[in-house]
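The values are calculated or read from the model by the stated rules, or taken from the named source; none is laboratory data. Here the structure is a predicted model, which means the values were calculated and not measured. Because the Cβ atoms are built from the backbone with ideal geometry, glycine has one as well, and the counts that use them run over all protein chains shown. The accessibility values were calculated without ligands, DNA or RNA, using every heavy atom of the protein model including side chains. Shrake-Rupley method; radii C 1.70, N 1.55, O 1.52, S 1.80 Å.
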Amino acid sequence: MNHGILAPIVLPLITAILLILLSGRRSLIRSISLLSATASLGICVWLLMQASDGQIRLYAPGNWQPPFGILLVLDRLSALMLLVTAVLAFFSIAYAVRGHDAPGDKLHAMVHFLLVGVNGAFLTGDLFNLFVFFEILLISSYGLLLHGRGVERARSGLHYVIVNLIGSALFLMGVSALYGITGSLNMADLGDKMAKLDPADAPLAATAGILLLVVFGLKAAMAPFYFWLPRAYAAASAPVAAMFAIMTKVGIYAIIRVYTQIFGENAETLANFAWWWLWPIALVTLVMGLLGALSARELRVQIAYLVIVSVGTLLAGIALNREAGLAASLYYLIHSTMICGAMFLLADLILRQRGELLDHIGEGPRLRQSALLGVLFFIAAVAVAGLPPFSGFIGKLLLLNAAGVQADAVVLWIIVLAGSLTTLIALSRSGSMIFWQTTDQVESAPAADKGALLAVIGLLGCVMVVTFAAGPILDYTFKAAQQLREPGVYLQAMQQFRVR
Amino acid sequence: MEILLIIALPLLGAGLPLLTERFGRNICAISAALGPALSLILILQYIPALLQHQMFFLHQPWVPQLGLDFSLRLDGLGMIFALMILVIGLLVILYARYYISNKDSLGRLYALLQLFMMAMLGIVLADNLLLLVVFWELTSLMSFLLIGYWSHSTEARKGARMALAITGAGGLSLLAGALILGQIVGSYNLDMILNSSALIQSHGLYPVVLILILIGAFTKSAQFPFYFWLPHAMAAPTPASAYLHSATMVKAGVFLLARLYPALSGSDLWFYLVTFTGLTTLVFGAYNALFKHDLKGLLAYSTISHLGLITMLFGFSSDLATIAALFHIINHATFKASLFMAAGIIDHETGTRDMRRIFGLARFMPVTATVAMVSASAMAGVPLLNGFLSKEMFFSETLKLDQLGNFSYIFPLLATFAGIFAVAYSYRFIHDVFFNGEPNKDLPIYPPHEAPLYMILPMAVLGLLCLALGTMPNLLVSPLLHAAAYAVLGTDIPRYHLAIWHGFNLPLLMSFVALGGGLLLYYQRKGLFAFYERGYRVDQKVVFEKRIQRLVRLAQRCTDAVENGSLQRSVAVIITATLVMAAIEFWPLGNILGEIPLTPIDGISVIMASIMIVAAVVTVSSHHNRYAALLALSAVGLVVSLAFVRFSAPDLALTQISVEVVTIILLMLALFFLPQLTPYESSWRRAIRDMVLAGGAGIAVGLFTLAILTRPYDTGLADFFIANSVSGGGGTNVVNVILVDFRGFDTFGEITVLAIAGLGVFLVLQGLELSVPRTDRHGRQWTRDPYPIIITVLSRMFFPLALMVSVFIFLRGHNQPGGGFIAGLITAIALILQYICSGTDWVRQRLPVDYGRMSVVGILVAVFTGMGSWLFGYPFLTTTFTHLHLPLVGDIELASAMVFDIGVYVTVVGATLLMLSQLGNLAQTIDPQAETDPDFTSEESR
């Protein structure tokens, strides 16, 4: 029995508990936190290697035969998401341990609790259990966001909490409605039930499905549900904001999982009904995100809007409802998680050297390490704008390639390409103002901590790896997309699964 | 592999000058030249083979799924461009060594130059169209940094941003064109594309592809109407201008025309688009160049004009015109780089580039003057210089066009017109600067003197090259040109002859008309200048910046209109969108009621429903008075728990009622710190909107639930739980068995949520200092006797009883209503009662527990219980149970689930009390005002 599947949930949980028990011993907390993140990284690589053979691995906590008990599922997609999370978490924590985890010493514990929720959401094959893990990640994110002082942080934090409480309520409604219609919670089984659903009841299931789409859309920050994101991310402390780069991806993941597994190819009348919604939503999200990025008055707000742009791009790829589109999105997901995380950390290093001006976009003091931070910012900006030679460019090419040259794809072409240009203009404005349009430097500005710099460089390094190893990575994402588009295989694997 | 090195060496070398900068300028320059020099040596080795029309390839897969491969090819076309890039690059490196002053970083310039060089080499050597685009965009990015090198100057910043935006946009257009082209051909491999001319041009998307790709080429080569970034890019340091705007950046556009010539050219669309764009640019650039007073401005417009000439030649789609274009590319690079260097020297030695201020420099800097005269004459097309040769070819090609029928004469006519202006501005460059009187004494640097030898050297080399190419074309350039033409045109290269003398013919006449007319024009310049100045001139940079600013403001207006930070607004949007989306999906359901008949209405249900409705309405209508609203809300909660009882769910009822109590107490504690009244802020319109939304949401949820509940569902899951509760889970209380066993993993997650919530409250409130309100809203003092004796005594008596009840509830849980969760809540309530009645300090002294730790210990117990099953080879949280027979007590059932339930219990108690004690601590923070009131303070801290 492969208990390793459980490790991405249990390891951060035990770590978090340990860190709470060790309250007050800051340096020990930091070491353990980083150690655990490193171990998670190793475990997730190992899981990915297992999953890459294409076999779907199941684990039944409580040893109850599915669909009666809860099921954890390790397939290509979940293994990929776990690894992306582990990488991001490692660098965020590495940044935090360099003295960016104040006030108090609870930040690390909360980050590990967050990881429990995120990893659990990626692993579970049960819709209600997904709700539970969503709650874990949400409640930890509330704590992380409100952690520390500041009126703006409290205001945007409250906004975030309330919007997500609405999301949780809708989630609960959606899940109970699906249970009320089909009598099942297991995702594969739900997909099977959808295939056999009385067509007269299809609108009910579709309504439940749309409620779930709203919930996941809220998490993913798609239009018109993204309003909570810009301020919340901009107000969060740097390692938290970087860590949150994975949060929108949880929503994206849930959309992929639920609408390929439950409402996927086999779902008869309901097959693929979500894409019809998702396509215009994706395009609107892209446009709104771009406008936001252009309009931003602070660097962190700008990056937050770029997160929304990446969400739009990802959703567009998914909504194409093609293997190539899904594979492109999965690749872009890896890229955008890393680069957004890196940008939030970098913005923090920059604002620390600008005195009271912080990250306001405008003429300001010269940075103490203008050259070094400038180079990093330039690379990150090129990557995030989707310009060559970095992975964002490859991701966008893949997306356009998958969209093809049909009439309906023209809008996407225009938006994606104009989007790259808009991002480029926006970032060249903010970059040239922050790095070039400068007055004397702030006397007391501290030099960036070497470890924190390494964390940023590390994340950018990951972007390079994603760029240069695009071939093998795409090989994986294409196979993952293929696996997702064959929900029958998963169902079969579950039906053949026997508990002890 | 060596082809790769040609590109890689400048890339690798880019870091060197940054490292060696501290060892002085010479070493810095030498280290910068290292990479390009090695690349040049490499490429020289290939030349003999290339002249034999061989081609060299390198293929390295990168993103096979996309067709983007790292494929390089070295052919004749790539060769002449690579030679220009490297030779002029090396000369620029030498030149920059003397040009850049000590206060600027030479190493940074060298690094950027080499990176740019790498990108340019990538363009000309790419064998994959997408790879070409990759390098193409890289040149835009690097040129942004080069133009913005003097970042303190606002001109440089704006010029850089503008160049990036225009060429970046062109690059994206090219990308779109390339992608579509690739989809048509089925490959991005250049060989495949170049051999698919018929397929491409017969495809319906050919016009789209062509226009997109041409936009890319035209933006890069500064063709009309995309030319305006180029003059503003002159804010770059002169070495960068000399490099970018003679031999490299702007040549990328015409390179692309040459590269894709076999695939795209020949159609009418190509002819009209390319020829007329080129022609317009040629005339427009030549005309404007004459009137620029800035030396570099003149050169910039002249560059625009010459690029127009080259573009136009490609448009002709004839073999000879193409050869002429290639030849002019080489010639333009040599004389223009030389002239930019001359302009830089003049700027360097006089401190200005304004031709209205500098005169008669020939006396002060004779060498520079001589070289500049040679190069400028080449630019004008004076015989014996290389510019003359290609210009003659151009003139003779314009005479061959017949596409416009009787109007074809406009080509030679306009070409001659542009030629006249070219002569005039070239002559102005010489005459204004080097002659035309004595230099003003008010020059920033006076007297000017000759530049250092090694600064002149690169310029002189290029000047000599103009002369050599002009006099001995067949010896020096023919083989190279032939190889390049072969790469573009394929096997059938027409016979042509590069010669200075072709006899008396029409092109020669045109040349002389241009020379004569140009001189004449120059001497009539005063009137012309006045005419030009009168014309309406806009500064494109200002216009562009204004447009961007307007765009930004528009974006700000849109964003602020949509997302104004109002929570109410975003909640309203969420609910509206959800309602609309759900309604659209729900609508096709014809009949809301399903086949299950509705249960008859009975009195109790009616009463309960009415109480709930009334309580809900009261909650809403009294929400301005927070305590009242809270009390009304608790009524809703209580009726819900009664409803659970009515529908035979005692577990749920117990849970609901204890949760209700804890929630209300915590809320009251929290509300204590807030104003008790919410001001009336919403307008009537807002209130109506909210009512509609809330009502709509309520009705929608009601209908949806009704529709689901009146339809049968598959009860397989429920049946399984009931059937297996005793045999598999060892308990008769199915609800509890579901919680701790069937779906124990959910409960495991939920207690984690609870513990985190407790910690979250701790994090939010930790260190927070709030002023404690001393009066209620009517101004009455809160009682000074916080712990009334009767309640204190009673609560202490209740405590052990409550604990016993909770133990009882816990133990019976597996078989009868109860369980760890409810028991935990009961214990928590009992403790809360002690806190309320006896004060925080009193409890803390007697119960020194850290609730934060306690709550996570509960999870730890659950985790270890779960992992315990690993020891027996079962998955996480697998339960087991056994029956134990004890004397006297009787049969006792022991289930591992009970240990798990203990974890639940501990977490619930810990987390609940953590929240409570944090709220309680808040009340302990000292109110600064209260210090004046010793009684109050002492009461509080008692």
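Reported count of residues in segment A:339-357, each being part of a helix (DSSP H, G or I) and open to solvent by 10 Å² or more (accessible area, probe 1.4 Å), is 5. Please enumerate the residues belonging to segment B:821-879 that are within 11 Å of chain A (Cβ to nearest Cβ) and not in a helix (DSSP H, G or I). B:D850, B:F872, B:G873, B:Y874, B:P875, B:F876, B:L877, B:T878, B:T879 - these are the residues of segment B:821-879 that are within 11 Å of chain A (Cβ to nearest Cβ) and not in a helix (DSSP H, G or I).
Consider segment B:420-452 and keep the residues that are outside any helix (DSSP H, G or I) and among the charged types (D, E, K, R). The one that is nearest to B:V374 (Cα to Cα) is B:E450. Considering B:A29, B:A8, which residue is more than 21 Å from B:I329 (Cα to Cα), within 14 Å of chain A (Cβ to nearest Cβ) and in contact (Cβ under 8 Å) with a residue 12 or more places away in the chain? Going through B:A29, B:A8 in turn, the sole match is B:A8. Answer yes if at least one residue in segment A:442-465 is open to solvent by 10 Å² or more (accessible area, probe 1.4 Å) and at the interface with another protein chain (Cβ under 10 Å from one of its Cβ atoms), and no otherwise. Among the residues of segment A:442-465, not one is open to solvent by 10 Å² or more (accessible area, probe 1.4 Å) and at the interface with another protein chain (Cβ under 10 Å from one of its Cβ atoms), which makes the answer no. B:F407 - would you say it is under 30 Å from B:Y454 (Cα atoms), open to solvent by 10 Å² or more (accessible area, probe 1.4 Å), assigned by TED's automatic domain parsing to the domain that holds B:P458 and not polar (S, T, N, Q)? Answer is no for this residue. If you check A:F122, A:F134 for being crowded, with 23+ Cβ neighbours inside 10 Å, more than 10 Å from every other protein chain (Cβ to nearest Cβ), touching a residue at least 24 places away in the same chain (Cβ under 8 Å) and under 19 Å from the mean Cα position of the chain (by Cα), only one passes: A:F122. Of the set (1) open to solvent by less than 30 Å² (accessible area, probe 1.4 Å); (2) outside any helix (DSSP H, G or I); (3) more than 9 Å from chain A (Cβ to nearest Cβ), all apply to B:S151 but (3). The residue pairs whose first member lies in segment B:53-66 and is in contact (Cβ under 8 Å) with a residue 60 or more places away in the chain and within 14 Å of chain A (Cβ to nearest Cβ), whose second member is exposed (fewer than 12 other Cβ atoms within 10 Å of the Cβ) and in a strand (DSSP E or B), and whose beta carbons are closer than 8 Å, counting only pairs six or more residues apart or on different chains, do not exist in this structure.
Does any residue of segment B:234-241 turn out to be surrounded by fewer than 21 Cβ atoms within 10 Å (Cβ to Cβ) and in a helix (DSSP H, G or I)? Scanning segment B:234-241, I find no residue that is surrounded by fewer than 21 Cβ atoms within 10 Å (Cβ to Cβ) and in a helix (DSSP H, G or I), so the answer is no.
Would you be able to say whether some residue in segment B:438-453 is at pLDDT 90 or above and open to solvent by less than 60 Å² (accessible area, probe 1.4 Å)? For segment B:438-453, residues at pLDDT 90 or above and open to solvent by less than 60 Å² (accessible area, probe 1.4 Å): absent. Of the residues A:T248, A:T207, the single one that is in a helix (DSSP H, G or I), away from every other protein chain (no Cβ under 11 Å) and touching a helix residue (DSSP H, G or I) at 6+ places or on another chain (Cβ under 8 Å) is A:T248.
Which members of segment A:197-215 meet the condition of being charged (D, E, K, R) and in contact (Cβ under 8 Å) with a residue 40 or more places away in the chain? Passing the criteria: none in range. For B:R108, all conditions in the list (1) outside any helix (DSSP H, G or I); (2) open to solvent by 20 Å² or more (accessible area, probe 1.4 Å); (3) closer than 20 Å to A:S370 by Cα hold save one; what is the number of the exception? Answer for B:R108: the failing condition is (1).
Table: residues versus (1) within 19 Å of B:M612 (Cβ to Cβ); (2) within 14 Å of another protein chain (Cβ to nearest Cβ).
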residue	(1), (2)
B:L654	no, no
B:I665	no, no
B:A670	no, yes
B:P679	no, no
B:A694	yes, yes
B:L709	yes, yes
B:P712	no, yes
B:A718	no, yes
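Residue count for segment A:65-88, restricted to those that are within 14 Å of chain B (Cβ to nearest Cβ) and either aromatic (F, W, Y) or part of a helix (DSSP H, G or I) (or both): 1.
Close Cβ contacts (under 7 Å, 6 or more residues apart or on different chains) running from residues in segment A:216-228 that are over 13 Å from A:G292 (Cα atoms) to residues that are assigned to a loop (DSSP other than H, G, I, E, B) comprise A:G217/A:F225; A:L218/A:F225.
The test for being surrounded by 20 or more Cβ atoms within 10 Å (Cβ to Cβ), in contact (Cβ under 8 Å) with a residue 40 or more places away in the chain, in a helix (DSSP H, G or I) and more than 8 Å from chain B (Cβ to nearest Cβ) holds for A:M194. When you scan segment A:388-405, do you find a residue that is of a type in the set (F, W, Y), within 26 Å of A:I93 (Cβ to Cβ) and within 14 Å of another protein chain (Cβ to nearest Cβ), even just one? Yes - at least one qualifying residue is present in segment A:388-405. Evaluating A:G62 against the criteria (1) facing chain B (nearest Cβ under 10 Å); (2) assigned to a loop (DSSP other than H, G, I, E, B); (3) open to solvent by 20 Å² or more (accessible area, probe 1.4 Å) leaves one unmet condition, (3). Of all residues in segment B:871-902, those satisfying the criterion of being surrounded by 10 or more Cβ atoms within 10 Å (Cβ to Cβ) and among the acidic types (D, E) are B:E893, B:D901. Does B:G89 satisfy the criteria of being away from chain A (no Cβ under 14 Å) and open to solvent by less than 40 Å² (accessible area, probe 1.4 Å)? Against the criterion (away from chain A (no Cβ under 14 Å) and open to solvent by less than 40 Å² (accessible area, probe 1.4 Å)), B:G89 qualifies.
In this structure, does B:L763 turn out to be in contact (Cβ under 8 Å) with a residue 40 or more places away in the chain and either open to solvent by 20 Å² or more (accessible area, probe 1.4 Å) or within 7 Å of another protein chain (Cβ to nearest Cβ) (or both)? For B:L763, the condition - in contact (Cβ under 8 Å) with a residue 40 or more places away in the chain and either open to solvent by 20 Å² or more (accessible area, probe 1.4 Å) or within 7 Å of another protein chain (Cβ to nearest Cβ) (or both) - is not met. Of the residues examined, A:H112 is not one that is over 12 Å from A:M247 (Cα atoms), crowded, with 20+ Cβ neighbours inside 10 Å, in contact with a Lys or Arg (Cβ under 9 Å, 6 or more places away or on another chain) and assigned by TED's automatic domain parsing to the domain that holds A:I14.
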